[in-house]
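Everything on this sheet refers to the single structure shown next.
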Amino acid sequence: MIRFEHVTKRYDDGTTAVEDLSFEVAEGELVTLVGPSGCGKTTTMKMVNRLVEPTSGRVLIDGRDVAGTDPVELRRRIGYVIQQVGLFPHKTVLENTATVPRLLGTPKAKARERAAELLELVGLDPAVHGGRFPDQLSGGQRQRVGVARALAADPPVLLMDEPFGAVDPVVRERLQNEFLALQRTVGKTILLVTHDLEEAVRLGDRIAVYGHSTIEQFAPPATVLAAPATPYVADFVGADRGLKRLAVTRVERADLEPVPDGAELPHARLPLGASLREALALLLQQDAGRIAVTAAEDGPDGAVLGVLTPAAVHRALRRAEP
């Protein structure tokens, strides 16, 4: 879907923002670009919608070089979410969300109908919030409107630059959870820039870890945490990367042990597919030393598939090593 072919961006003063980048983002994949300030990750993202032009190399979407597409037309068809949100202060929430469809010629009534659907999708009641102005919303609500507006024209590609960085940690985690649920519904191809490794690990199907102007490693989160490709990546992900891996490793059937004969089922329950971090946190609260695991689709009241113990969590972490 998105492909970088030997892309370099060098400014007139000699500064090299990115150098010889080559990587691909598959359709429906969420790739996080993570690294320190000034490493080139935002420049990379902005070359997709031509806010920045490469010095050499090509950026392609669906096999077409973006350099051959009118930049205004290109940007109208690529969703773009930034940390500051960028809502129009003089327009209502509903009007803000309908902006891009209206620019693309969608009739006003249909654009507003689409905007209302998207506000519901991101957890905002259009009857309650649609007529409000941005300054009447909380930071988290404004960020949701920004996501809804980016999705309004149903773009195949979504670019997100520090989208949850301007809200407090509690709201940020909730927004991340809601965004992951939303992505399971809409299945967009996403590039998301962040300086926060925890966020990159939590959200990304794959992570591009930036050094200075180059990508040091491009791999799934579990691989980056378990097998850093370079000393730089090992230092960047930190000595506690084993703990971070808990968040990206899922409980599988093979990790479960049978319920001991005659034993009472544990009261604490977790669905299959939950993260090992969730499992360990729940285990630490139990005196019994085990928790029950149920079928994911049945919820906590479903049939118990087996039990999970601390030893099983350790085995699951070892199993996840590449």
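The values are calculated or read from the model by the stated rules, or taken from the named source; none is laboratory data. A quick note: this is a predicted structure, and the numbers were derived from the prediction, not measured. Cβ coordinates were reconstructed from backbone atoms using ideal geometry, including for glycine residues, and neighbour counts include every protein chain displayed. SASA here: full protein model, heavy atoms, side chains in, ligands and nucleic acids out. Shrake-Rupley method; radii C 1.70, N 1.55, O 1.52, S 1.80 Å.
From the list [x] 79, 50, 44; [y] 68, 54, 35; [z] 69, 51, 33, can you say which value of Cα extents along the principal axes in Å was derived from the structure given?
Of the labelled values, this structure produces [z].
Could you give the radius of gyration (one decimal) and Dmax (whole number) of the Cα atoms in region 208-319, in Å?
16.8, 60
Please give the charge dipole size of region 1-102, origin at the Cα centre, charges +1 on K and R Cβ atoms and -1 on D and E Cβ atoms. Round to the nearest 20 debye. Can you show the working numbers first?
Working: 13 positive and 14 negative charges, 79 e Å.
Magnitude of the dipole: close to 380 debye.
List the relative contact order of region 107-240 as a percent without decimals, with contacts defined as Cα pairs under 8 Å and 6+ residues apart.
Reported relative contact order: 16 percent.
At a probe radius of 1.4 Å, what is the per-residue accessible area of ILE82, in Å² to the nearest 10?
Accessible area of ILE82: about 50 Å².
For region 154-256, what is the charge dipole size about the Cα centre, in debye to the nearest 20, if Lys and Arg each add +1 at the Cβ and Asp and Glu each add -1 at the Cβ?
Its charge dipole is roughly 360 debye.
Determine the per residue accessible area of the chain with all protein chains present and a 1.4 angstrom probe, expressed in square angstrom. Don't skip to the end; give the middle numbers.
Numbers: 15250 Å² over 322 residues.
Heavy-atom SASA per residue in the chain reads 47 Å².
Stokes-Einstein diffusion coefficient for region 15-81 at 37 °C in a medium of 0.692 mPa s, Rh from the Kirkwood formula over Cα pairs: what value in µm²/s?
Working: Rh = 13.0 Å.
Result for D is 253 µm²/s.
Considering every Cα-Cα pair within region 256-322, what fraction, in whole percent, is farther apart than 21 Å?
Numbers: 383 of 2211 pairs.
For region 256-322, the fraction of Cα-Cα distances above 21 Å is 17 percent.
Per the Kirkwood definition applied to all pairs of different Cα atoms, how many angstroms is the hydrodynamic radius of region 1-157? Working shown, then result.
Values: mean 1/r = 0.0588 Å⁻¹.
Evaluated over region 1-157, this radius sits at 17.0 Å.
Per 5 Å bin, what percent of the C-alpha pairs of region 1-52 does each bin hold, from zero upward?
Final binned percentages: 5, 17, 29, 29, 13, 4, 2, 0.
How much net charge surrounds ALA279 when only the other residues with a Cβ under 14 Å from the Cβ of ALA279 are counted, with Lys and Arg +1 and Asp and Glu -1?
+4
Under the rule a/c < 1.5 gives rounded, and otherwise a/b versus b/c splits prolate from oblate, where does region 90-162 land using the Cα gyration tensor? Intermediate values should be presented prior to the final figure.
On the way: a/c = 1.66, a/b = 1.14, b/c = 1.46.
Oblate is the answer for region 90-162, as a/c is 1.5 or above yet b/c matches or exceeds a/b.
Can you tell me, using C-alpha contacts under 8 Å and at least 6 residues apart, the relative contact order of region 1-118 as a whole percent? Don't jump to the answer; show the numbers that get you there.
Working: 139 pairs, mean separation 26.0, N = 118.
After rounding, I find 22 percent.
Leaving out ligands, DNA and RNA, what percent of the accessible area of the chain is carbon and sulfur, probe 1.4 Å?
On the way: 7640 of 15250 Å².
Exposed carbon and sulfur together represent 50 percent of the surface.
Keeping all protein chains in position, work out how much accessible area LEU284 exposes to a 1.4 Å probe, and write it in Å² to the nearest 10.
140 Å²
Does region 155-220 come out rounded, prolate or oblate, given a ≥ b ≥ c as the square roots of the eigenvalues of its C-alpha gyration tensor, rounded meaning a/c under 1.5 and, failing that, prolate meaning a/b above b/c?
Numbers: a/c = 1.88, a/b = 1.26, b/c = 1.49.
Oblate, because a/c is 1.5 or more while a/b does not exceed b/c.
So what is log10(I(q)/I(0)) for region 69-192 at q = 0.09, 0.11, 0.15 1/Å, when the Debye sum runs over its Cα atoms only?
Debye output, listed in q order: -0.22, -0.33, -0.63.
Run the numbers on the chain and let me know its relative contact order in percent, using alpha-carbon pairs under 8 Å that are six or more apart. Let's see the in-between values first.
Details: 603 pairs, mean separation 55.6, N = 322.
RCO, the chain: 17 percent.
Sum up the charges of everything whose Cβ sits under 12 Å from the Cβ of PRO169, counting Lys and Arg as +1 and Asp and Glu as -1, but leave PRO169 out. List each step's numbers first, then the result.
Working: positive: ARG172, ARG174; negative: ASP168, GLU173, ASP196, GLU198, GLU199.
Local net charge: -3.
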